[in-house]
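To start, the structure under review is shown below, and the notes come after it.
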Amino acid sequence: MGKKGTELAKYLINHENWSGIYYNPDVNHPLDRDGEHFLSYYNEVKKDV
């Protein structure tokens, strides 16, 4: 399959009838200083507006 992380989650939800729960405890102060935390949060918020 070759997918990992959010790509794997999207695949499982869209093709294998899985459901997902969004959980991101590191939005404001990510321990690894990776901007992906904020970006994923922003994308979820934008989608629900």
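Derivation of every value follows stated rules applied to the coordinates shown; laboratory data play no part. Just so you know, these numbers come straight off a predicted model, no measurement behind them. In this analysis, Cβ positions are derived from the backbone assuming ideal geometry, glycine residues included, and neighbour counts consider all displayed protein chains.
Angle between the Cα long axis of helix 5-15 and the longest principal axis of the chain, 0 to 90 degrees, nearest 10?
Long axis of 5-15 versus the principal axis of the chain: about 40 degrees.
Restricting the calculation to Cα positions, tell me the Rg (one decimal) and the Dmax (whole number) of the chain in Å.
12.3, 33
Quick check on the exposure proxy: order K3, K46 from fewest to most C-beta atoms within 10 angstrom. Mind dumping the intermediate values first?
Working: K3 11, K46 8.
With the sparsest Cβ surroundings first, the list reads K46, K3.
Report, in debye and to the nearest 20, how large the dipole of the chain comes out about its Cα centre when Lys and Arg carry +1 and Asp and Glu carry -1 on their Cβ.
Dipole magnitude for the chain comes out near 140 debye.
Could you point to the residue in H37, Y23, G2 farthest towards the positive end of the chain's charge dipole, with +1 and -1 charges on the Cβ of Lys/Arg and Asp/Glu respectively?
Looking along the dipole axis, the top candidate is G2.
So, counting K/R as plus one and D/E as minus one, what does the shell of residues with Cβ under 13 Å around E16 add up to?
Local net charge: +2.
As a footprinting exposure proxy, order I21, I13 by other Cβ within 10 Å, with the fewest listed first.
I21, I13
How far is helix 36-48 tilted off the main Cα axis of the chain, in degrees rounded to 10, range 0 to 90?
Once rounded, one gets 70 degrees.
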